[in-house]
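The numbers here are math on the coordinates, done by the rules we state, and not lab data. Remember, predicted model here, so these are calculated numbers, not experimental data. Heads up, the Cβs are rebuilt from the backbone with ideal geometry, glycines too, and the neighbour counts pull from every protein chain shown.
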Amino acid sequence: MAKITGDIVIDIERCKGCEVCTTACPQEVIAMSKEVNSKGYNYAIKVNANCIGCANCAVVCPDGVITVYRAKV
Amino acid sequence: MVETFDKPEIRTPENLVYSKTKVLTDNVLSYCPGCGHGTTHRLVAEVIEEMGIQNNTIGVAPVGCSVLAYNFFDIDMQQAAHGRAPALATAIKRLLPERFVFTYQGDGDLAAIGTAETIHACNRGENIVIIFVNNGIYGMTGGQMAPTTLPGMPTSTSPYGRDTQIMGNPLKITELVAQLPGTYMVTRQAVHTPAAVRKAKKAIRQAFENQILNKGVSFVEVVSNCNSGWKLPPVKANEWMVNHMFPFYPLGDIKINGEMVK
Ligand SMILES: Cc1ncc(C[n+]2csc(CCOP(=O)(O)OP(=O)(O)O)c2C)c(N)n1
Ligand code: SF4
Ligand code: SF4
Ligand code: SF4
Ligand SMILES: [Mg+2]
């Protein structure tokens, strides 16, 4: 059976650090950075390579910050 | 070097499964972090994109935090006086019946100052969509009590909680408009989890499709958060919403195809 892998691209300058995406991810891929963006928000970052491209994070993000890719490998 | 966990090899157009809809502009939303207004905007915009009606839709923005909605939707928009969005939408739809027309309103706009316009548009059966974002508070002006504020809920004008003996009862305007003959679809949704978002989007899609039938108002309430007004961080505000708002404002369909859901 083909394995599914995914990747997300986070537009960190648009992220407001609300953390809603972190609770929506089934793979615990997302956490908040220690650094802040130019608006002063701690932004979302990936902390592992376990993304499966389910898009849960993107559909709950109020600011449309996340782009999602999914592929069979 | 910091590990990024990027997989550039899979970032190809055919593998793209989600990106921000082009029906939203690139303007940064004026909403607080985690505010459900942003998510609700996105769902409406995605429905407009998927139905291919970007050039054929007119939205009406309210007064409230979403007063600037016309900066965020890349469609024709008007902005109504406080609470008057359903009246303005009535005029637009009657003059341009081929267009898809929707209002986007908060609870202070729709269920306080605009109660009369809401009820009469719903009773007349105007062929419009109403998107009603209910966060139980006047977000924009500093978190004052709204007609929709829950019993016991603290706000800046009910700092010890809403005492219904003095301040009256919350208004379930969604159940109220469902009773009127002019509403064709009435539903209550939320946008705090992936499953809720996907369901809310289906409801908004149905509401827009109903306009082709010309059978009256399709009314979609989105029970939402107001992190600033509730004085909670976004994830905690969503938990509070599940524990307090949902028991009083239960999610689900109330009226479908002109029939009350049992
Ligand atoms: C005629 C008039 N009265 C009062 C106001 C002040 N005002 C601005 S927004 C608002 C209420 C907004 O609450 P809501 O509709 O719930 O929107 P939210 O910001 O919570 O999304 C009020 C009372 C106004 N702008 N115009
Ligand atoms: S796409 Fe799914 S698995 Fe990947 S980061 Fe988002 S929620 Fe997690
Ligand atoms: S949900 Fe969006 S805005 Fe909020 S932290 Fe995640 S990426 Fe940033
Ligand atoms: S004040 Fe409340 S409703 Fe307004 S943007 Fe902030 S969180 Fe959203
Ligand atoms: Mg409100």
Original post:
aspartates and glutamates near B:K93 by alpha-carbon distance under 17 Å, same-chain residues fewer than 8 away left out - which ones?
Top reply: B:D76, B:E117, B:E126, B:E209
Subject >> Cα-based reach from B:K172 at 15 Å (exclusive), listing aspartates and glutamates while leaving out same-chain residues under 8 positions away >> reply: B:D107, B:D109, B:E221, B:D253
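How much space per residue, in cubic angstrom, does the convex hull of the C-alpha atoms of region A:4-72 take up? Please report the intermediate quantities before stating the final value.
Numbers: hull volume 4.6 nm³, N = 69.
Here the figure is 67 Å³ per residue.
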Subject >> Computed lengthening from B:Q179 to B:N214, 0.36 nm per intervening residue step minus Cα-Cα distance >> reply: 10.7 nm
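For peptide B:5-16, what's the mean number of Cβ atoms from other chains within 10 Å of each residue's Cβ? Working shown, then result.
Values: counts 10, 5, 11, 3, 5, 10, 6, 2, 1, 2, 9, 6.
That works out to 6 on average.
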**OP:** Could you rank the peptides B:230-240, B:191-201 by their average count of other C-beta atoms within 10 Å per residue, with the highest value first?
**Re:** B:191-201, B:230-240
Original post:
Can you list residues whose amide H is under 5 Å from B:V17's amide H, if they're 5+ apart or on another chain and H is modeled 1.01 Å from N?
Top reply: A:V68, A:Y69, A:R70
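Out of all DSSP beta bridges in the protein assembly as shown, what portion is antiparallel? Express it as a percent rounded to 5.
On the way: 22 of 48 bridges.
Around 45 percent antiparallel, to the nearest 5.
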Original post:
Looking only at Cα atoms, what is the convex hull volume of the protein assembly as shown per residue, in Å³?
Top reply: 144 Å³
Subject >> 3J(HN,Hα) from dihedral phi, region B:206-215, Karplus parametrisation 6.51/-1.76/1.60, rounded to Hz, x for glycine, proline >> reply: 4, 4, 5, 5, 4, 4, 5, 7, 6, 10
Subject >> Partner chain coverage, peptide B:39-46 - average Cβ within 10 angstrom >> reply: 3
Subject >> Built amide H within the under 5 Å cut-off of B:T157, gap 5+ >> reply: B:M145
Original post:
To the nearest 0.05, how large is the calculated FRET efficiency for B:K236 and B:D163 if R₀ is 25 Å and r is the Cβ-Cβ distance?
Top reply: 0.55
Subject >> Cut-off under 5 Å, modelled amide H: who pairs with B:G106 long-range >> reply: B:V133
Subject >> Shielding by other protein chains, A:10-19, mean Cβ within 10 Å >> reply: 4
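Report the per residue volume, in Å³, of the convex hull enclosing the C-alpha atoms of region B:54-208.
In region B:54-208, the Cα convex hull volume per residue is 117 Å³.
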**OP:** Taking the convex hull of the Cα atoms, report for region B:209-262 its projected area averaged over all directions, in nm².
**Re:** 5.1 nm²
**OP:** Treating cross-link reach as a plain straight distance, find the lysines whose alpha-carbon is under 22 Å from the alpha-carbon of B:K20, omitting any fewer than eight places away in the same chain.
**Re:** A:K16, A:K39, A:K46, B:K7, B:K199, B:K201, B:K202
**OP:** Among DSSP beta bridges lying fully in region B:30-260, give the percent that are antiparallel, nearest 5.
**Re:** 25 percent
